[in-house]
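Asker: Right, I'll just put the structure down here and ask away after.
The values are calculated or read from the model by the stated rules, or taken from the named source; none is laboratory data. Keep in mind that what you see is a predicted model, and the values were worked out from it rather than measured. So basically every Cβ, Gly included, is an ideal-geometry build from the backbone, and we count neighbours across all protein chains shown. These accessible areas exclude ligands, DNA and RNA; they are computed on the full protein's heavy atoms, side chains included. Shrake-Rupley method; radii C 1.70, N 1.55, O 1.52, S 1.80 Å.
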Amino acid sequence: MLLCIDTGNTNSTFSLWDGEQFVSHWRISTDHRRTADEYFVWLQTMISLTHYDLDISRCIISSTVPRVVFNLRVLCNRYFNTRPLVVGRPDCLLPAAPRVDQGVTVGPDRIVNTWGAHVLYGGDLVVVDFGTATTFDVADDTGAYIGGVIAPGVNLSLEALHMGAASLPHVDVTMPAQVIGLNTVACIQSGIYWGYIGLVEGTVAKIRQERGLPMKVVATGGLAPLFEQGTDLFDEVDDDLTAHGLRLIYDHNKEAGNV
């Protein structure tokens, strides 16, 4: 089986691909202090709960937190006897090279998402990822990443609002019953929810205008289904997009004889 590891700033997702489908996804908080042994004990426990054998022989990693990569590589080497591919490293071949300013490093998750969306849904397209940051990743019709937009994430904005204004409470993200709030909590929820709907719709409109193309829009990330309720902008909502992108990049390296 192929283990796809996606490490973000807040959470890390481990996805198990059996060659035809993902049989399980598990999520754990990202912590650079977590050792390879701790990862294995946790992963072994999660896999045992799903009654799958721990038959992992291939691994691929995408990480926006460089400090966790070492222990993840040790995990794959020590417990699964395999050299993992790490997206963004020279030994991991990309199906399409990013087309950005020279010397710029593109987050591996953004490359993974755009390639996964390209193969699954076709391009030109925009991938909107509701993560720690809200990112807009643009791919052309070859699947190459050609740039994007980064905005503060929803939960990050809520936390900043709570910390910066002592009298404002911390609230959950939800779709409010009406736009005009009748109390402080409802006002904040409306501002966050409809504010981000406006941010997403406006940004995608500007991207389409600049590209001059009717681009598809694919949403991913834990909050994507929630924001889908407030707009008809998204052509697809795919919470497993990053995992699919990882296994597709692994397949590309396998076909090229790199693994």
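Asker: Report which label in (1) 8; (2) 12; (3) 20 holds the value of percent of Cα pairs over 35 Å apart derived from the coordinates of this structure.
Answerer: Correct label, based on the coordinates given: (3).
Asker: Something else now. Just name one of His162, Val119, Val173: the one whose Cα is farthest towards the positive end of the charge dipole of the chain (beta-carbon charges, Lys/Arg +1, Asp/Glu -1).
Answerer: His162
Asker: I want to verify a result. In a Gaussian network model of the chain, Cα cutoff 10 Å, which of these has the top mean-square fluctuation: Arg33, Arg247, Arg78?
Answerer: Arg33
Asker: Which whole-number value in Å² is the accessible area per residue of the stretch 146-188, probe 1.4 Å?
Answerer: Numbers: 2730 Å² over 43 residues.
Ligands and nucleic acids excluded, the figure is 64 Å² per residue.
Asker: So if we plug the beta-carbon distance of Val171 and Asn11 into 1/(1 + (r/R0)^6) with R0 = 22 Å, what FRET efficiency do we get, rounded to 0.05?
Answerer: Working: r = 21 Å, r/R0 = 0.94.
Step by step, r from the Cβ atoms, then E = 0.60.
Asker: Amide H of Tyr145 versus every other amide H placed in the peptide plane: which residues, excluding those fewer than 5 positions away on the same chain, fall under 5 Å?
Answerer: Answer set, sorted by chain and number: Arg99.
Asker: Just to be sure I understand the rule: take each whole DSSP H helix in the chain, project its Cα atoms onto its long axis, keep it if the span is 27 Å or more and its mean Kyte-Doolittle hydropathy is at least 0.0. Which ones pass? Write down the numbers at each step before the final one.
Answerer: Working: long enough: 184-211 (40 Å, 0.23).
Flagged H segments are 184-211.
Asker: Moving on. Place a +1 charge on the Cβ of each Lys and Arg in the chain and a -1 charge on the Cβ of each Asp and Glu, then give the dipole magnitude about the Cα centre in debye, rounded to the nearest 20.
Answerer: Working: 17 positive and 29 negative charges, 156 e Å.
Value, rounded to 20: 740 debye.
Asker: To continue, here is another question. Would you check the accessible area of Arg73, probe 1.4 Å, heavy atoms only, in square angstrom rounded to 10?
Answerer: 70
Asker: Name the most mobile residue of Tyr79, Tyr39, Tyr52, meaning the one with the largest mean-square fluctuation, in a Gaussian network model of the chain with Cα contacts below 10 Å.
Answerer: Among Tyr79, Tyr39, Tyr52, the largest mean-square fluctuation in the Gaussian network model of the chain belongs to Tyr52.
Asker: Near the amide H of Thr30, under 5 Å away, which other amide H atoms are found, from residues 5 or more places off or on another chain, if H is placed in the peptide plane?
Answerer: For Thr30, whose amide H was placed from the backbone, the distant partners under 5 Å are Asn11, Ser12.
Asker: On the accessible surface of the chain, probed at 1.4 Å, how many percent belong to carbon and sulfur atoms?
Answerer: Working: 6390 of 12630 Å².
Carbon plus sulfur share of accessible area: 51 percent.
Asker: In addition: What is the stretch 64-210 by shape, rounded, prolate or oblate, if you read a ≥ b ≥ c off the alpha carbon gyration tensor as root eigenvalues and call it rounded for a/c under 1.5, prolate for a/b larger than b/c, and oblate otherwise?
Answerer: Details: a/c = 2.75, a/b = 1.56, b/c = 1.77.
Since a/c reaches 1.5 but b/c is at least a/b, the shape of the stretch 64-210 is classed as oblate.
Asker: Which whole-number percent gives the relative contact order of the chain, counting Cα pairs below 8 Å spaced six or more residues apart? All intermediate terms of the calculation are to be shown ahead of the outcome.
Answerer: Working: 446 pairs, mean separation 44.4, N = 259.
Reported relative contact order: 17 percent.
Asker: Report the gain in length on full extension from Asp232 to His25: 0.36 nm times residue separation, minus Cα-Cα distance, nm rounded to one decimal.
Answerer: Contour length minus the Cα-Cα distance gives 71.8 nm.
Asker: How many nm separate the modelled label positions at Arg33 and Thr184, each set 7 Å beyond the Cα in the direction of the Cβ?
Answerer: 3.3
Asker: Add -39500 (n - 2.57) for each DSSP H run of 4 or more in the chain, then divide by its residues: what number comes out at 222 nm, to the nearest 500 deg cm²/dmol?
Answerer: Details: 7 runs with 99 residues, N = 259.
Value at 222 nm, helices only, nearest 500: -12500 deg cm²/dmol.
Asker: Then there is this: Can you tell me the relative contact order of the stretch 115-242? Whole percent, Cα pairs under 8 Å, sequence separation 6 or more.
Answerer: Details: 206 pairs, mean separation 31.9, N = 128.
Normalised by residue count, the contact order of the stretch 115-242 is 25 percent.
Asker: GNM on the chain, C-alpha springs below 10 Å: top fluctuator among Asp129, Asp109, Asp37?
Answerer: Most flexible of the set in this elastic network: Asp37.
Asker: Another question about this same structure. Taking H placed 1.01 Å from N in the peptide plane, check which residues at least 5 places from Arg83 or on another chain put their amide H under 5 Å from its amide H.
Answerer: When sequence neighbours closer than 5 places are left aside, there are no close amide H contacts.
Asker: For the stretch 7-88, list log₁₀ I(q)/I(0) at each q in 0.14, 0.15, 0.25, 0.26 Å⁻¹, using the Debye formula over Cα point scatterers of equal strength and ignoring solvent, two decimals each.
Answerer: -0.43, -0.50, -1.52, -1.63
Asker: Expressed as a rounded percentage, what relative contact order does the stretch 31-108 have, with Cα pairs under 8 Å and six or more residues apart?
Answerer: On the way: 65 pairs, mean separation 23.9, N = 78.
Answer for the stretch 31-108 is 31 percent.
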